Amino acid sequence: AAASSSSSSVGGDGSSRAPDTSLFVPVPLKPVGDAAEEDVGAELTRPLDKGEVLKNLNKFYKRKEIQRLGAENGLDARLFHQAFISFRKYIMESSSVSADLHIILNDICCGHVDDLFPFFLRHAKQIFPMLDCMDDLRKISDLRLPPNWYPDARAIQRKIIFHAGPTNSGKTYHAIQRFLSAKSGIYCGPLKLLAHEIFQKSNDANVPCDLVTGEERVYTNEDARQAPHIACTIEMCSTNTPYEVAVIDEIQMIRDPARGWAWTRALLGLCAEEIHVCGEPAAIDLVTELMYTTGEEVEVRNYKRLTPLTVLDYALESLDNLRPGDCIVCFSKNDIYSVSRQIEARGLECAVIYGSLPPGTKLEQAKKFNDPNDPCKILVATDAIGMGLNLCIRRIIFNSIVKPTVNEKGEKEIDSITTSQALQIAGRAGRYGSSFTQGEVTTMHRDDLVQLKEILSDSVRPVRTAGLHPTPEQIEMFAYHLPDATLSNLIDIFVSLSQVDGLYFVCNIDDFKFLADMIQHIPLNLRSRYVFCTAPLNRKEPFVCTTLLKFARQFSRNEPLTFHWLCRHTKWPLAAPKNIKELVHLEAVHDVFDLYLWLSYRFMDMFPDAVLVRDIQKKLDDIIQVGVRNITKLIRASQSAAGPGTAEVVSEDFPLSRTKDSRGVSDRLGTKATEALSIAVEVPEERRAKNLKAYRSAPRQEDLKSHGRGSLANRLLREGLLTREMLRQLESEWQDQHRNGRYGLGSKRGDQNSSKEMGRNKK
C-alpha cells in the first residue's frame, strides 16, 4: 500500500477516488450461541427453517436490485460478497437472532427477499465500520493544503533565500555565515554528522549552539536551557519555536521516497524570518511553486564550483595505477571488502567508509585518510561520502556505475546511478581549501567510462514533487473511527483515501508497516505503538529488529528497560572482532544502542539509563574502529573460515519487489547456473572461467536480448547477479556462437575473455 504521487492524488477538479476496498478488513462477528433469554422471534412466529432460509438468502444475494442498493451504500462487488458471506454465516450458525430479523426471515419465505436488505446493510456496517464514516475518513486523510497545517509560519512573512549550486560551491557556507550572525537560528541537515559539524563550528565561533538529533541532546548551557542556536537532524526541527534564521540543507531530498516529508515540513512550517535553503538547482522550480502557495517569494542565489573538476579520458583499469588521494567508490559492502583486500595485497594502506559504520568510526577513518603524515593515502567508500564528511580527495574512481536502490513502491531496483548521485559523489574530489586544487573523476573499468561521461553530461532531473506523511494526530482520528483495525491496516486505508495535489506525494510507509506488523500482537496504546513504528532502524538487521520487539514487549508490561537488561541482551562487554561477521554484529549492537537512546527521549521513564548507554556506545565505537583499521585481516579470517570460493564475505540481503512469479533465480536457471553467477570476492581466475562456462551450459531463456529487456535478464540485473556490461558481452558471444551453430557452448577463447570481464565486474 505504499503510495506515490500517481497513486494517491486526486484529479484537478478535486474529486475523490473510490477507496481501495481490498484494504478493508472485516471485523469478525460471532454467531449467537445458546440464548440466555427465550427466543422471542420464535414465540411470536415459528422456529426458523434453516434450509428454507439458506435458499432465500442465496436468492437475495443474486438479486440485481440488491447489488445496486449495496453499491449505493458503499458496497462494491468485493465488499458486497464479503458482507453477504458473513451475514449468511451469522444467521445460519446463530441459535437465535433478534425478533425483528427472525420475523423478516420467516416472511421472506413468502417471497419478500428485498425486505432483508436493511438487516443486511446493518450487518455490513458492523463488520465494515468505515462504511458509516467514509466522509469523515476522507476529510482526515485530505492532504491537499499542507501550508495550512502550520498557522505559526503563516502568521509571519518569511523571506526565502535559495542557495543553489553543485557540490563544493560554497552554497552551504554562505547560508551558515548568515546563521552564525543571527540572534537566533536553526540548522536542519540530513545527517547526524552534518548537524554535529555545524554544532561544533558554531560553538568554536563563540555562538552558543545546542545539538538535537533523534538519539542525542547536547546543551551548551549547564542548566539545559535552550541556546539561541540549534543544529539538528531535519526530522527533529521544531515548527513552533521562532527563529531569526533557519537553514535547510540538501533541499533536493524533499523528493526522497522515505524521508521527503521532513523537508516539506521544515520548508512549510519553520517559524523563521529568513529561511535559507541549500541544494541542487533542480529543486528551484518546486520550492518556488510551494512558496507561491504560501504567498512567499523566493530569492535565488546561484553558485559555481570553486575548484575545477575533470572527467578523465582513461579508466583506472588496475589497482596498480592508484595514486595518493584516490577514492574508490563502491555500492556494496562486499565490493568494499574485495577492493580493500586487493589494495592491501599491493602493500598499500586504505581507509574504509560505508553507511552502517558508526559516525565516530567514519570520522576516524576520514581523519586517517586526510592526515598528510599518515601512510594511508587511499580511501575505499560507498556513496556515504556524498555528504557529511570533509575529505581531501584528488580523484574519485567509480568501481561500478550500477547501484541497488528502493523505488517509491518499496521495490528493489538495480540501475545506473542518476546524474544527481554521480555529481554528488564526483564533486567530493578537489574540495576547496584542501591540498588538491582540482578534482578528477574516472571509473575502474574502461567500458563504464563512456556511460559515466553520459551520466555526468545529462541535466539533473528536476525535483517535481514534495513528500508528505500522515501525522500521529491523523492516525489517532482514524483509529477513533476504526477502533478494531490494526495500525498497519489504518495506514493502508489512510494512504488509499489520501488526497494530494500535483505538488506532493505520500511517502513510502513500508518500513512503518513492517514494524507495525511485527509488534501488532503486543498490547500497546496507539500513541506508543506509533512511536515504536517510527523508530529509525534497518529492517535488514535481524538482531536490531528482534531487539525492538523485546523492547516493545517489556514496555507493554510496564517494566523499565534498564542498563543491566541491555547489557545482558547484547552480551556487553564485547571483544574486538575477529572476522567480518563479528564486525557486522558489532555494528548491529551499535544500532541497538542508538535505538535505546532514541526511545529514551520519547519514553524517559521506561528507558532510564541513557547516560550509561551512551558511555558504552562510545566504547563500542572505539572497538569498531579497531576492527575497521584491521579490516583486511578480518576479511582474510572470514574467507579462511568459509573455505575457498566463498561467494560473499557477508550477506547483503535486499528487499526484492514482489511479483506474481516469486520463484528464486535457481527456479529459472537451475542450480548449475545459480552457482555460476555467485561471483566470489577474490575468486581465482580459473574458477571464474569455470563459473561462466557453467552459466553458458545452463538452461537458456529466449528473451535474453536488447541489453536486459528480457524477463530473465531483468531478474539477474535486479538481483545484482549480472551487470549490464556482462550481459552485453554474453549476448555478443551467444550471438556469435549461434551463427556458428554452437549455441550454448563457448569457445576456449571466449571463456577466457569472459572470465576476465567477470573479474573486472565483480557483482
Practice problem: Read through the list (1) closer than 30 Å to S22 by Cβ; (2) hydrophobic (A, V, I, L, M, F, W, C); (3) in contact with a helix residue (DSSP H, G or I) (Cβ under 6 Å, 6 or more places away or on another chain); (4) assigned to a loop (DSSP other than H, G, I, E, B), then give the number of the only condition that A479 fails. | Solution: (4)
Quiz prompt | Which numbered condition R346 misses (of (1) within 30 Å of H196 (Cα to Cα); (2) free of Cβ contacts under 8 Å to residues at least 40 places away in the same chain; (3) surrounded by fewer than 19 Cβ atoms within 10 Å (Cβ to Cβ)) | solution = (1)
Quiz prompt | Extreme residue, farthest from F24 (Cα to Cα), among residues of region 62-80 that are within 40 Å of the chain's Cα centre (by Cα) and without any contact (Cβ under 8 Å) to a residue 12 or more places away in the chain | solution = E72
Practice problem: Take region 207-235 and flag every residue that is in contact (Cβ under 8 Å) with a residue 40 or more places away in the chain and aliphatic (A, V, I, L, M). | Solution: I230, A231, I234
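In region 416-433, which residues are of a type in the set (V, I, T), crowded, with 20+ Cβ neighbours inside 10 Å and assigned to a loop (DSSP other than H, G, I, E, B)? Show your work before the answer.
Here is the first cut: in region 416-433, the ones of a type in the set (V, I, T) are 417-419, 425.
So of that shortlist, the ones also crowded, with 20+ Cβ neighbours inside 10 Å come out as 417, 425.
If the condition is that a residue be of a type in the set (V, I, T), crowded, with 20+ Cβ neighbours inside 10 Å and assigned to a loop (DSSP other than H, G, I, E, B), then I417 is the only one that fits.
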Practice problem: Examine region 371-392 for a residue that is of a type in the set (D, E, K, R), in contact (Cβ under 8 Å) with a residue 24 or more places away in the chain and in a helix (DSSP H, G or I), and state whether such a residue exists. | Solution: yes
Quiz item: Looking at this structure, is L306 surrounded by 20 or more Cβ atoms within 10 Å (Cβ to Cβ) and in contact (Cβ under 8 Å) with a residue 24 or more places away in the chain?
Solution: no
Self-check item: Long-range neighbours under 7 Å by Cβ, at least six apart or interchain, first residue over 11 Å from L357 (Cα atoms) within region 614-634, second polar (S, T, N, Q) and assigned to a helix (DSSP H, G or I)
Solution: I631/S340; T632/S340
Quiz item: Only one of L612, L549, L586, L537 is under 23 Å from the mean Cα position of the chain (by Cα) and either in the same structural domain as E216 (by the TED database) or farther than 23 Å from I336 by Cα (or both); which?
Solution: L549
Practice problem: Would you mention how many residues in region 539-571 are buried (at least 17 other Cβ atoms within 10 Å of the Cβ) and closer than 24 Å to S638 by Cα? | Solution: 3
Quiz item: Which pairs do you get when a residue that is more than 16 Å from L515 (Cα to Cα) and at pLDDT below 90, found in region 476-493, comes within reach of a residue that is part of a helix (DSSP H, G or I) and open to solvent by 20 Å² or more (accessible area, probe 1.4 Å), reach meaning Cβ atoms under 8 angstrom, with the pair 6+ apart or on two chains?
Solution: D484/P129
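This table checks each residue for (1) touching a Phe, Trp or Tyr at 6+ places or on another chain (Cβ under 6 Å); (2) not in a helix (DSSP H, G or I).
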| residue | (1), (2) |
| --- | --- |
| S435 | no, yes |
| D447 | no, no |
| E454 | no, no |
| S459 | no, yes |
| R464 | no, yes |
| P483 | no, yes |
| L490 | yes, no |
| I493 | no, no |
Practice problem: Just give me the residues in region 107-165 being surrounded by 15 or more Cβ atoms within 10 Å (Cβ to Cβ), part of a helix (DSSP H, G or I) and of a type in the set (S, T, N, Q), in sequence order. | Solution: Q126
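The values are calculated or read from the model by the stated rules, or taken from the named source; none is laboratory data. Keep in mind the model is a prediction, meaning the values are calculated, not measured. Note that we place each Cβ from the backbone using ideal geometry, even for glycine, and neighbour counts take in every protein chain shown. We work out accessible area using only protein heavy atoms, side chains counted, and drop any ligands, DNA or RNA first. Shrake-Rupley method; radii C 1.70, N 1.55, O 1.52, S 1.80 Å.
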